[in-house]
Amino acid sequence: MLAWEVRVPGPMATRPLRAVRRPVPEPAPDELLVRVTACGVCRTDLHLAAGDLAPRREGVVPGHEIVGEVAATGSAVAGWSVGDRVGIAWLRHTCGECAFCRRGAENLCPDSRYTGWDSDGGYAQFATVPADFAYRLPANSSDAELAPLLCAGIIGWRALQRAELPPGGRLGIYGFGASAHLTAQVAIAQGARVHVFTRSEAARRLAIELGAASAGESNAAPGESLDAAIVFAPAGDLVPVALAALDRGGTLAMAGIHLTEIPPLDYERHLFQERTLRSVTANARQDGRDFLAHVAVHPVRVVVTPYSLDRADHALADLAADRVTGAAVLIPT
């Protein structure tokens, strides 16, 4: 099968991805073998290829927003059949026994493992997933539209919960890529006024099309104080900007797995009056189930830029250069 592996992490100009031919993997007894029909291109893949995230295994295949069909089942798998539509997301293993797992915070499990980081992901024609970590998918969207939901959508959903936006509240979104354009729609559907801040003119136009109350430059001041904000862009210098835009008691959630250095914060300007700064770390499986159930009833518009699998390196380079509007998705042929 065709697959892309992280050769030597570095800037996209150094071509960190390499196309290879590999045997189709064999599923373990508890796993599904999935024929990939779509795989989203996530900024986490870019961080991995660039070396912002240290690779956990040599030659790993990135990709963790995978839609496909079950091609084979392991000997211990029940409840799945060949031909079933299936989703594979970032989280692929937790211990189930630690204090975090027992209290429902499995995303913080010290033994957690991840698709496309610890194990090979979806930049390939086939992938495997433990059956307990596979998702059943809603039937009202195409494979390409569903793929970004499996990380961009899920992590945006968790970030929105962490931001504690009050009903009818004012939400600021910093950065407007794959995750943000989905999260904005969820918040708007819940009655929020959404203000978007991004350096991309095309993204600002998309934000207005999707119902945002305003869309301005990354460091612009909103026309009103915010009850909550989410920073999706991996830019630490946006943290004081977003905190300064919060009203009293507001919460800022950081949605990325990697962030550049945060400048010094001024206590009175950025944190006083009970403003809160929170991180978002991966997701629990229940986040994914809740989000997919929500969009099955309240569909979101997924803006997709498709690429054939043999152009995965181009897709990642376009993401790095901010040439992608919405979400890039790889389509194997």
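The values are calculated or read from the model by the stated rules, or taken from the named source; none is laboratory data. Predicted model only: the values in this text are computed from it and were never measured. With ideal geometry, Cβ positions are generated from the backbone for all residues, glycine too; neighbour counts draw on all protein chains shown.
When you look at Gly121, is it at positive phi and outside any helix (DSSP H, G or I), yes or no?
The answer is no for Gly121.
If Glu217 meets every condition in (1) over 12 Å from Arg170 (Cα atoms); (2) touching a residue at least 24 places away in the same chain (Cβ under 8 Å) apart from one, which number is that one?
(2)
Please find, within segment 166-178, the residue that is surrounded by the most Cβ atoms within 10 Å (Cβ to Cβ) out of those that are out of contact with any Lys or Arg (no Cβ under 8 Å at 6 or more places or on another chain) and within 20 Å of Gly256 (Cα to Cα).
Per the criteria, the residue is Ile173.
Looking at (1) surrounded by fewer than 15 Cβ atoms within 10 Å (Cβ to Cβ); (2) in a loop (DSSP other than H, G, I, E, B); (3) at pLDDT 95 or above, which one does His258 not meet, given that it meets all the others?
Result: His258 fails condition (3) only.
Does segment 95-112 hold any residues that are under 16 Å from Ile155 (Cα atoms) and surrounded by fewer than 20 Cβ atoms within 10 Å (Cβ to Cβ), and which are they?
Passing the criteria: Ala105, Leu108.
Has segment 148-158 got any residue that is among the aromatic types (Phe, Trp, Tyr) and part of a helix (DSSP H, G or I)? Walk me through how you get there before you give the answer.
Just the residues of segment 148-158 that are among the aromatic types (Phe, Trp, Tyr), to begin with: 157.
Cutting the leftovers down to part of a helix (DSSP H, G or I) gives us 157.
Scanning segment 148-158, I find at least one residue that is among the aromatic types (Phe, Trp, Tyr) and part of a helix (DSSP H, G or I), so the answer is yes.
List pairs: first in segment 262-276 and on the phi > 0 side of the Ramachandran plot and surrounded by 14 or more Cβ atoms within 10 Å (Cβ to Cβ), second at pLDDT 95 or above and in a loop (DSSP other than H, G, I, E, B), Cβ under 7 Å, 6+ apart or cross-chain?
The qualifying pairs do not exist here.
On the basis of being within 19 Å of Arg285 (Cα to Cα), of a type in the set (Gly, Ala, Ser), touching a residue at least 12 places away in the same chain (Cβ under 8 Å) and touching a Gly at 6+ places or on another chain (Cβ under 7 Å), does Gly116 make the cut?
yes
Exactly one of these conditions fails for Ala293: (1) under 30 Å from Pro138 (Cα atoms); (2) part of a loop (DSSP other than H, G, I, E, B). Give me its number.
(2)
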